[in-house]
1. Just to be sure before I move on: is Thr23 part of a helix (DSSP H, G or I) and either away from the ligand (no atom under 13 Å from the Cβ) or modelled with pLDDT of 95 or more (or both) in the structure I sent?
2. Look at Thr112 and say whether it is β-branched (Val, Ile, Thr), touching a helix residue (DSSP H, G or I) at 6+ places or on another chain (Cβ under 9 Å) and more than 11 Å from the ligand (Cβ to nearest atom).
3. Using beta carbons and a limit of 8 Å, which pairs, at least six apart or on different chains, have the first residue in segment 28-53 and over 30 Å from Leu167 (Cα atoms) and the second one of a type in the set (D, E, K, R) and in a loop (DSSP other than H, G, I, E, B)?
4. Taking segment 54-102 as the region of interest, how many residues are touching a residue at least 60 places away in the same chain (Cβ under 8 Å) and hydrophobic (A, V, I, L, M, F, W, C)?
5. Counting just the residues of segment 38-66 that are more than 16 Å from the ligand (Cβ to nearest atom) and of a type in the set (A, V, I, L, M, F, W, C), which one comes out farthest from the chain's Cα centre (by Cα)?
6. Quick check on my filter: what residues within segment 111-120 are out of contact with any Gly (no Cβ under 6 Å at 6 or more places or on another chain), in a loop (DSSP other than H, G, I, E, B) and crowded, with 22+ Cβ neighbours inside 10 Å?
7. Taking the condition of being of a type in the set (Val, Ile, Thr) and either in a helix (DSSP H, G or I) or out of contact with any strand residue (DSSP E or B) (no Cβ under 6 Å at 6 or more places or on another chain) (or both), how many residues in segment 1-20 meet it?
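The values are calculated or read from the model by the stated rules, or taken from the named source; none is laboratory data. Since we're looking at a predicted model, the values are computed, not measured. Glycine gets a Cβ as well: all are built from the backbone with ideal geometry, and neighbour counts include every protein chain shown.
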Amino acid sequence: MAKIGIIIGSLRKGSFNRKVAETILPMFKGDLEADIIEIAELEMYNQDLDDESTPTQAWTDFREKIKLYDGIVFVTPEYNRSVPAVIKNAIDVGSRPYGANVWDGKPAAVITASTGAIGGFGSNHILRQSLVFVNMPTLQQPEAYLGHIDSSITEDGKIDQRTSDYLQGIVNSYIEFFKQLTK
Ligand code: FNR
């Protein structure tokens, strides 16, 4: 059984990106299983703690946890045309101490959702820049930008069927990509 972790770049309770993550979660089935990896408790990265071999417990737990996953899907909004600090911090924490990058080689996908018209394009591509450096091969096509995400929510607060069908296509492509890289 291969494990896929989903990391969400928004901490707010009503996050649309969390709804996207919860929508794709059950799309991983059969020989794949997925769950959400929470990042809210990670303190901001400070290299002194690694240099002194005193990483925080939350960093150590997170690094050990990421090692248990075979692939990672990032689902994130865009903040000021860039990637939210929480998700960048999670990548930074997982990439260190030097030589112990826990992301190394894990196939990734990036899905961005925002209330703006361009669906987090800036965030999506700035995140991809870091994924190159931490050596995560990342699904190129299809790209996943969900604009005006607030208009894709049903009355009971779920992602609507049209958006869910679109996400199913993204997940199918990611699964194919993942299996090619890990066979
Ligand atoms: C935003 N938002 C936003 N949207 C966008 O399309 N481009 C942007 O650059 C920004 N910048 C931005 C900065 C900050 C600090 C906040 C709080 C918000 C709006 C954003 O898309 C919207 O709040 C989403 O709902 C955030 O995602 P979650 O929290 O719903 O998952």
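1. On the way: part of a helix (DSSP H, G or I): yes; either away from the ligand (no atom under 13 Å from the Cβ) or modelled with pLDDT of 95 or more (or both): yes.
Answer is yes for this residue.
2. On the way: β-branched (Val, Ile, Thr): yes; touching a helix residue (DSSP H, G or I) at 6+ places or on another chain (Cβ under 9 Å): yes; more than 11 Å from the ligand (Cβ to nearest atom): no.
So Thr112 fails the test.
3. Tyr45/Arg96; Gln47/Arg96; Asp50/Arg96
4. Going through segment 54-102 one residue at a time, the tally reaches 10.
5. Here is the first cut: in segment 38-66, the ones more than 16 Å from the ligand (Cβ to nearest atom) are 41-66.
Within this subset, residues satisfying the condition of being of a type in the set (A, V, I, L, M, F, W, C) are 42, 44, 49, 58-59, 62, 66.
Working: Leu42: 15, Met44: 18, Leu49: 25, Ala58: 18, Trp59: 17, Phe62: 14, Ile66: 12 Å.
This residue is Leu49.
6. Gly120, the sole residue that qualifies.
7. First pass over segment 1-20, keeping only residues of a type in the set (Val, Ile, Thr): 4, 6-8, 20.
Going one step further and asking which of them are either in a helix (DSSP H, G or I) or out of contact with any strand residue (DSSP E or B) (no Cβ under 6 Å at 6 or more places or on another chain) (or both), we end up with 20.
Within segment 1-20, residues that are of a type in the set (Val, Ile, Thr) and either in a helix (DSSP H, G or I) or out of contact with any strand residue (DSSP E or B) (no Cβ under 6 Å at 6 or more places or on another chain) (or both) number 1.
For (1) touching a Pro at 6+ places or on another chain (Cβ under 9 Å); (2) assigned to a helix (DSSP H, G or I); (3) within 16 Å of the ligand (Cβ to nearest atom), each residue gets a yes or a no:
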{"site": "Ala100", "(1), (2), (3)": "no, no, no"}
{"site": "Asp104", "(1), (2), (3)": "no, no, no"}
{"site": "Gly122", "(1), (2), (3)": "no, yes, yes"}
{"site": "Ile126", "(1), (2), (3)": "no, yes, yes"}
{"site": "Leu131", "(1), (2), (3)": "yes, yes, no"}
